[in-house]
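Okay, so here's the structure we're looking at.
What follows draws every value from the coordinates through simple rules; no lab data is involved. A quick note: this is a predicted structure, and the numbers were derived from the prediction, not measured. All Cβ positions, even for glycine, are placed from backbone atoms using ideal geometry, and neighbour counts span all protein chains on display.
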């Protein structure tokens with residue numbers, strides 16, 4: 001279903017492990033992924049979370065056997081079922097730790113949402129993407145806010161209405177992924193990004209994610225200025241803030257780098 005491990009540095013790798021169905025997700029997989037991200041978010045031993053897929057696909061999206069079961073459900077049952085996917089995307093989006101998607105192959109339907117919900121995504125050059133819901137008579141309901149936030153409404157409309165297949169370079173162009181690398185170099189590119197994240201202060205990264213969520217779509221006015229001033233004031237007075245400035249002035253590594 002999923003495979004997860006935490007290395008000695010605090011890097012949690014969560015992999016969808018259903019290669020026989022191209023890592024398609026169903027109710028059980030969604031529940032397992034949600035629990036994994038919620039646990040990683042609160043685990044003090046975890047500093048970075050990496051999401052990927054085992055085998056040749058990142059994820060083919062919704063398991064069609066699951067969709068067949070859903071078609072026999074009542075409206076209220078379908079709403080409740082869909083909200084489980086919403087909980088997963090929220091767990092990724094609100095994870096207190098930096099989240100990295102390593103898209104190692106096909107990412108269709110809900111998997112585009114998983115990619116969009118992560119802080120940073122790197123794709124293999126042979127990865128492919130599709131908002132495939134309309135091809136099945138469905139809509140990208142739960143994932144739509146995350147996809148719109150990642151690539152904008154215009155691109156989402158184009159890709160969601162056409163259901164067009166697009167490649168990794170197009171995903172890079174529209175902002176769904178931050179980098180495209182040869183498939184053989186995906187792990188190395190992910191490791192390089194993780195190394196860079198581990199150089200940063202853990203609580204400062206958490207606070208920065210909260211800050212960005214708070215200021216998004218807010219008017220730039222006096223109230224927002226005061227709110228952002230509170231953030232920086234808290235950071236300056238924090239143990240990390242004091243340690244970071246002291247380490248810079250003393251020309252040494254801060255303790256969050258030397259303690260791991």
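General observations
- Taking the DSSP bridge list for the chain and keeping only pairs wholly inside it, about 30 percent are antiparallel.
- Based on Cα contacts under 8 Å between residues 6+ apart, the chain shows a relative contact order of 15 percent.
- Inter-label distance for residue 17 and residue 65, nm, one decimal - labels placed 7 Å from Cα along Cα-to-Cβ: 1.8 nm
- For the chain, adding -39500 (n - 2.57) for each run of n ≥ 4 DSSP H residues and dividing by the number of residues yields -15500 deg cm²/dmol at 222 nm.
- Angle of helix 75-93 to the longest C-alpha principal axis of the chain, folded into 0 to 90 degrees and rounded to 10: 30°.
- Region 228-260 and region 1-49 have Cα centres lying 30 Å from one another.
- Taking 130, 54, 242 as the candidate residues, the one with maximal mean-square fluctuation in a Gaussian network model of the chain, Cα springs under 10 Å, is 242.
- Put simply, when 163-169, 29-35, 211-217 are sorted by average Cβ atoms within 10 angstrom per residue, most first, you get 29-35, 163-169, 211-217.
- Note on Rg and Dmax of the Cα atoms in Å: of the candidates (i) 33.6, 102; (ii) 18.4, 60; (iii) 19.3, 66, the value calculated from this structure sits at (iii).
- Shape category assigned to region 115-239 from the gyration tensor of Cα positions, a/c cut at 1.5: oblate
- The distance separating the Cα centre of region 68-145 from that of region 185-200 comes to 24 Å.
- Helix 27-42 axis versus longest C-alpha principal axis of the chain: approximately 0°, rounded to the nearest ten.
- Counted by neighbouring Cβ atoms within 10 Å, the residues 56, 251, 209 run from fewest to most as 251, 56, 209.
- FRET efficiency for residue 218 and residue 27, using Cβ-Cβ distance with R0 set to 41 Å, rounded to 0.05: 0.70
- Nearest 10 degrees, 0 to 90: helix 153-162 Cα axis against the chain principal axis: 30 degrees
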